[in-house]
Amino acid sequence: MLAQRVVIKTRKGDIWGIIGSKPPHILTEEERKKLQEPKDMYIDVGATSADEVKALGIRPGDPIIPICPFTPLGTGKTYMAKALDDRLGCALFIDVIKKLVREKHPNTVFGVGTVQEEVGLRGAQTSSWIVEPDVGLTMEIGIAGDVPNVKKEEVQEKLGKGPVIVIRDASMVPNLRLRDLVVTTADELKIPYQFELLEGGGTDSGAIHLHRQGVPNLVIGVPTRHIHSHAGIFHREDYDHAVKLVTAVVKRLDEETVTSLTE
Ligand SMILES: [Zn+2]
């Protein structure tokens, strides 16, 4: 977080700042070795007095957003941006719905950009009462492990090797027939995919699959590097393949297929 640019959203408008860091020149030997805790950090908005800060209209509770504009990278195939977890999921369902309006399919499809997933799957709980889903597909990121210091035993996903199908995380074991339908669809359409297995972490599916008497759910994601930091990186082909896969799965989910998931 140190030295990252941020925007504070105030009632008077956007205020820019930077997360302050002590120059190495005045750090003690001990301080240099220590990782600074977020609770000890502060945002410098360039003010020189308390009155100036007050005049900017900043109040406790104002949201703070990292600055990292969407940037196509040098390879031409990968993109960098902030908050891909889970803006990428929102982009995915928008593109899926754009495709579905032009095609025949047997469903009423809801795309939901849920709130507060990271702090307790809250929006997924409340929106399930509006949607009343027969099936839930959570559009997510996958954790890409093709970077230094990540062991193959921890995570295997690579950028450019296809969307991720989550076979287990801490919040859900998916409906196996739904999982198989997605895998079979990908195989038949020759869409590449990768499996993800996580000991920790959860997704909105963790809440949706517990709605009422239970809803078959699966998580499909785009492998992304550096998630939960200020900048993530993903591969365009993985994204396009995810759109293709989810669109095809929705088209196959007719009444008979949906009933067979839980019968
Ligand atoms: Zn996350």
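Here, each number is a calculation from the coordinates, and none is a lab measurement. Owing to the predicted nature of the structure, the values given are computational and were not obtained by experimental measurement. Cβ placement follows ideal geometry from the backbone for every residue including glycine, while neighbour counts extend to all protein chains displayed.
Debye sum, Cα scatterers, the range 38-164, no solvent: what log₁₀ I/I(0) at q = 0.17 1/Å? Values returned for q = 0.17 Å⁻¹ are -1.16.
When the square roots of the Cα gyration tensor eigenvalues are ordered a ≥ b ≥ c, the ratio a/c for the range 162-263 is 1.5 or more and a/b does not exceed b/c, which makes its shape oblate. Do you know the relative contact order of the chain, to the nearest whole percent, from alpha carbon pairs under 8 angstrom that are 6+ apart? Taking the mean separation of contacting Cα pairs over the length of the chain, I get 22 percent.
Result for the chain in a Gaussian network model with C-alpha springs under 10 Å: among Lys34, Lys12, Lys152, the largest mean-square fluctuation is at Lys34.
Compared with the dominant principal axis of the Cα atoms in the chain, helix 236-252 is inclined by about 40°.
Do any trypsin sites (Lys or Arg not before Pro) in the range 188-263 lie in a DSSP loop with no more than 14 other beta carbon atoms within 10 Å, and if so, which?
Those satisfying the criteria are Lys190, Arg212.
Put simply, the amide H of Gln194, placed in the peptide plane, has neighbours under 5 Å in Val164, Ile165, leaving out anything fewer than 5 places away on its chain. In order along the range 97-107, the phi-based Karplus estimate (6.51 cos²θ - 1.76 cosθ + 1.60, θ = phi - 60°) of 3J(HN,Hα) comes to 5, 4, 6, 5, 5, 9, 10, 7, 7, x, 10 Hz; Gly and Pro are listed as x. Rounded to the nearest Hz, the phi-derived 3J(HN,Hα) couplings of the range 199-212 under the Karplus curve 6.51 cos²θ - 1.76 cosθ + 1.60 (θ = phi - 60°) are 6, x, x, x, 9, 4, 4, x, 8, 5, 6, 9, 5, 6, where x marks glycine and proline. In terms of its C-alpha gyration tensor, the range 117-213 comes out oblate, because a/c is 1.5 or above while a/b does not outweigh b/c. Around the amide H of Asn217, modelled in the peptide plane, lie the amide H atoms of Gly136, Asn175, all under 5 Å away and 5 or more residues distant in sequence or on another chain. Sequence-distant contacts, meaning Cα pairs under 8 Å at least 6 residues apart, place the relative contact order of the range 157-238 at 43 percent. At q = 0.19, 0.30 Å⁻¹, what log₁₀ I(q)/I(0) does the range 5-66 have when each alpha carbon counts as one equal point scatterer in the Debye sum? Log-scaled intensity ratios, in q order: -0.78, -1.35. Quick one: which residues, 5+ away or cross-chain, put their amide H under 5 Å from the amide H of Met80? H built at 1.01 Å from N. Residues meeting the criterion, in which the H sits 1.01 Å from N, are Thr71, Leu73.
For the range 52-133, chymotrypsin sites (Phe, Trp or Tyr not before Pro) meeting the loop criterion (DSSP other than H, G, I, E, B) and having at most 15 other Cβ atoms within 10 Å: Phe70, Phe110. Put the Cα centre of the range 1-47 next to the Cα centre of the range 149-181 and the gap is 35 Å. Our estimate of slack between Thr108 and Ile18, defined as 0.36 nm per intervening residue step minus the Cα-Cα distance, is 27.9 nm. Taking springs between alpha-carbon atoms closer than 10 angstrom, which of Ala170, Ala186, Ala81 fluctuates most in the Gaussian network model of the chain? Taking springs between Cα atoms under 10 Å, the residue moving most is Ala170.
Quickly rank 82-88, 44-50, 154-160 as a protection proxy: mean count of other C-beta atoms within 10 Å, highest first. Provide the component values of the computation, followed by the final result.
Working: 82-88: 19.9, 44-50: 10.7, 154-160: 18.3.
My ranking of the peptides, most packed first, is 82-88, 154-160, 44-50.
Look at where the Cα atoms of the range 211-263 and of the range 59-76 average out, and the two centres are 25 Å apart.
With respect to the chain, whose longest principal axis is taken over its alpha-carbon atoms, helix 176-188 is tilted by about 90°.
The Rg/Rh ratio for the chain, using Cα coordinates for both the radius of gyration and the Kirkwood hydrodynamic radius, is 1.04.
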